[in-house]
Amino acid sequence: MAEVMIRMPRAAARTQHPRPLGAIIAGAAALVFVVGILVWDNPVPYGQPGFWIIVESRSVAVATIALVAVCQALATVLFHTATGNRILTPSILGFDALYTLMQTALVFVFGMAATQVEGPAKILVQSLAMMLFATLLYGWLFSGRRQNLHVLLLVGVVLGVGFGSVSTFLQRLLTPSEFDVLASRLHGSIGNANPEVLPWAELVVAAIAVVVWRRRRVLDVLALGRDTAVNLGVAYRREVVGLLVVVAALIAISTTMIGPMTFFGFLVATLTYQFVRSDRHGVVLPLAVLIGLASLTGAYFVLQHVFYTAGLVTVVIEFVGGLAFLIVILRKGLR
Amino acid sequence: MSTTPVITLDGVAKGYGSTRALGPVDLEIARGGVTALVGPNGAGKSTMLTIIGRLLGADAGAVRVGGLDVATAKPRELAKVVSILKQENHFVARLTVRQLVAFGRFPHSQGRLAASDHEAIDEAIAFLDLAHLEHRFLDELSGGQRQRAFVAMVLAQDTEVVLLDEPLANLDMRHAARMMQQLRDAADVLGKTIVLVVHDVNFASVYADRIIALADGGIVASGAPDEIMRGEVLSRVFDTPVDVVEHAGQRLAVYYRPEPVPDPTRSDPTRSDPTRSETR
């Protein structure tokens, strides 16, 4: 047996050309949509100073979309890697409901005082608290041997409903003015992003993205599951908890900026897995970000600037994402 | 073969709830060769193997492999000394054989494959006769081929100690015999210390240098195949009547039917009776 040494040509075996077609299409589409959002249907003709003022104000929306797309795409793929499944996402497991509950509890406990302090410091504290809760909750859910996806999905849905009910109960006890403030924060849309906080959020997300990118090879090993990862010398528990913290941070940032998005991350990740043949994170992560950018800018551009129905962007994305989720569950089942 | 133990277990115990799964066990396994863990279901073979391979934490006691304490040593250092392959391996990711084997180099390369890594991958692939399959995806392979690919991965890891949990599970006769021969070669040619859980004691008898028999979470017998492959020892270990016969220099356990089989040369009505053979 050992003497039969058939060796493949080295070069052919080594270079695995990642086929960049999907990335090129997604990147080009994102670029077109970004330019479209910025200049299409600009009421001021090109060349006048007002033109650039409008472009500048619209660029806030583009920056917000970019932030959300990066957050959701990275968070979902990383969550899939950390938990060893490709269907459940943090949002489906009640993360958004947790956000709603925390916001409500904040206003309930501190009253209007909670709403008067604004700015990066508050958002930082909020995000940190949310990261802590989410890491504890999902770290506990996915630890141990009860890795049954059906049970997890059920627990996630029940948790989501439970958080939602508690939120609703607390909201009934609020004064109308407090409720008004809370509602404007919970039903966020791309237009509501706080431009003052945006640069800070982008800085944090950029830092996270760099760290994740540098650890992409470890992520490839984590995706092989606990036993194989431990065998290959990865400090599995530490890595997974770290990953869950990162996921929590990304979702917290995205949710703080534009409000809950339940199925967007799922949609992006599932599309990405369809396009790539390789499962390496060095390929999957950039492509997921590009697809997230293209789909969110595309939806925003078409709905805002072609049909003039801006508020519907998240609704349409969630509708398509929810449909995709159902189709995947029905076709493949939970494995 | 030197006599320094490469694996040492000192008072290792493991329980699930109130039931005792293993130990306390003291054990030393010498460097080199093939060691087979045998025993009835629930004897603690796999538990012991996965504790040595640090996939499972022991409740008490200490395990040292290649001079490292598996509970406290750095994961990356351990991964260069001991590799373990469990029986079931389900991946979400879709990998080719070569990509899988390349993961075995991770402890050395941290994912950045150097020329020496590619050589080790080529060697492991050739050693398990997978060269013609190296660009196929794992889910396109038969059970035996996939099993060989996983073994190639742990060989590419190039550790002194290789632990395998039932590498023969789901393999037919031909593939099982080939797999054992390849593992035997890995011990002889590559100088590995191979410890494996095997269900069929006859494979242990024919291919292993040492057999460790476990029952009820403890070691009840250990030694060279000649010492373990005896009717009274095996009958005690497996708690069922076992006969050992010798055929072409190989000691084989026979245990399929407790009462003596009637001579087939005489016409025997039970042989053609289908209900009889079903109830075995």
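Quick notes on this structure:
- Positions within the range B:80-97 being surrounded by 19 or more Cβ atoms within 10 Å (Cβ to Cβ) and either within 8 Å of chain A (Cβ to nearest Cβ) or of a type in the set (Asp, Glu) (or both), in sequence order: B:Ser83, B:Ile84, B:Leu85, B:Lys86, B:Ala93, B:Leu95
- Wholly enclosed helices (runs of 4 or more DSSP H) of the range B:160-254 bearing at least 1 residues of a type in the set (D, E, K, R): B:173-189, B:225-228, B:231-238
- Some residue of the range B:184-195 being surrounded by fewer than 20 Cβ atoms within 10 Å (Cβ to Cβ), among the aliphatic types (A, V, I, L, M), modelled with pLDDT under 90 and over 22 Å from the mean Cα position of the chain (by Cα): no
- Options B:Glu166, B:Glu232, B:Glu227: the member that is open to solvent by 20 Å² or more (accessible area, probe 1.4 Å) and either hydroxyl-bearing (Ser, Thr, Tyr) or within 17 Å of the chain's Cα centre (by Cα) (or both): B:Glu166
- Criterion: touching a His at 6+ places or on another chain (Cβ under 8 Å), within 8 Å of chain B (Cβ to nearest Cβ) and modelled with pLDDT of 85 or more - qualifying residue of A:Ala223, A:Ala235, A:Ala269: A:Ala223
- If only residues of the range A:187-201 that are buried (at least 18 other Cβ atoms within 10 Å of the Cβ) and assigned to a helix (DSSP H, G or I) are counted, the one that is modelled with the lowest pLDDT is A:Ile190.
Table: residues versus (1) away from chain A (no Cβ under 12 Å); (2) open to solvent by 10 Å² or more (accessible area, probe 1.4 Å); (3) of a type in the set (A, V, I, L, M, F, W, C); (4) in contact with a Phe, Trp or Tyr (Cβ under 6 Å, 6 or more places away or on another chain).
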site	(1), (2), (3), (4)
B:Ala126	no, no, yes, no
B:Leu130	no, no, yes, no
B:His135	no, yes, no, no
B:Gly143	yes, yes, no, no
B:Ala152	yes, no, yes, no
B:Gln157	no, no, no, no
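- Checking each residue in the range A:216-257 for being touching a residue at least 12 places away in the same chain (Cβ under 8 Å) and either on the phi > 0 side of the Ramachandran plot or outside any helix (DSSP H, G or I) (or both) picks out A:Ala223, A:Gly225, A:Val234.
Condition check ((1) surrounded by 20 or more Cβ atoms within 10 Å (Cβ to Cβ); (2) closer than 21 Å to B:Ser142 by Cα) across all residues:
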| position | (1), (2) |
| --- | --- |
| B:Ala60 | no, no |
| B:Val70 | yes, no |
| B:Leu78 | yes, no |
| B:Gln99 | yes, yes |
| B:Arg112 | no, no |
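- Close Cβ contacts (under 6 Å, 6 or more residues apart or on different chains) running from residues in the range B:77-95 that are modelled with pLDDT of 90 or more to residues that are aromatic (Phe, Trp, Tyr) comprise B:Leu85/B:Phe150.
- Residue within the range B:55-63 that is within 18 Å of the chain's Cα centre (by Cα) and not hydroxyl-bearing (Ser, Thr, Tyr) present: yes
- The lone exception for B:Ser18 - which of (1) more than 19 Å from the chain's Cα centre (by Cα); (2) at pLDDT 90 or above it fails: (2)
- When the range A:295-327 is limited to residues that are in contact with a helix residue (DSSP H, G or I) (Cβ under 6 Å, 6 or more places away or on another chain) and over 26 Å from A:Pro43 (Cβ atoms), the one that is surrounded by the fewest Cβ atoms within 10 Å (Cβ to Cβ) turns out to be A:Ala324.
- Criterion (farther than 21 Å from A:Ala28 by Cα and polar (S, T, N, Q)) met by exactly one of A:Thr297, A:Thr270, A:Thr309: A:Thr309
- Residue match in the range B:104-113 (condition: within 24 Å of the chain's Cα centre (by Cα), within 11 Å of chain A (Cβ to nearest Cβ), under 22 Å from B:Glu166 (Cβ atoms) and in contact (Cβ under 8 Å) with a residue 40 or more places away in the chain): yes
- Elements of type helices (runs of 4 or more DSSP H) contained in the range B:1-107, each with 3 or more residues being polar (S, T, N, Q): B:45-52
The values are calculated or read from the model by the stated rules, or taken from the named source; none is laboratory data. Source: prediction; values computed, not measured. So basically every Cβ, Gly included, is an ideal-geometry build from the backbone, and we count neighbours across all protein chains shown. Quick note on the areas: whole protein, heavy atoms, side chains included, nothing else; ligands and nucleic acids left out. Shrake-Rupley method; radii C 1.70, N 1.55, O 1.52, S 1.80 Å.
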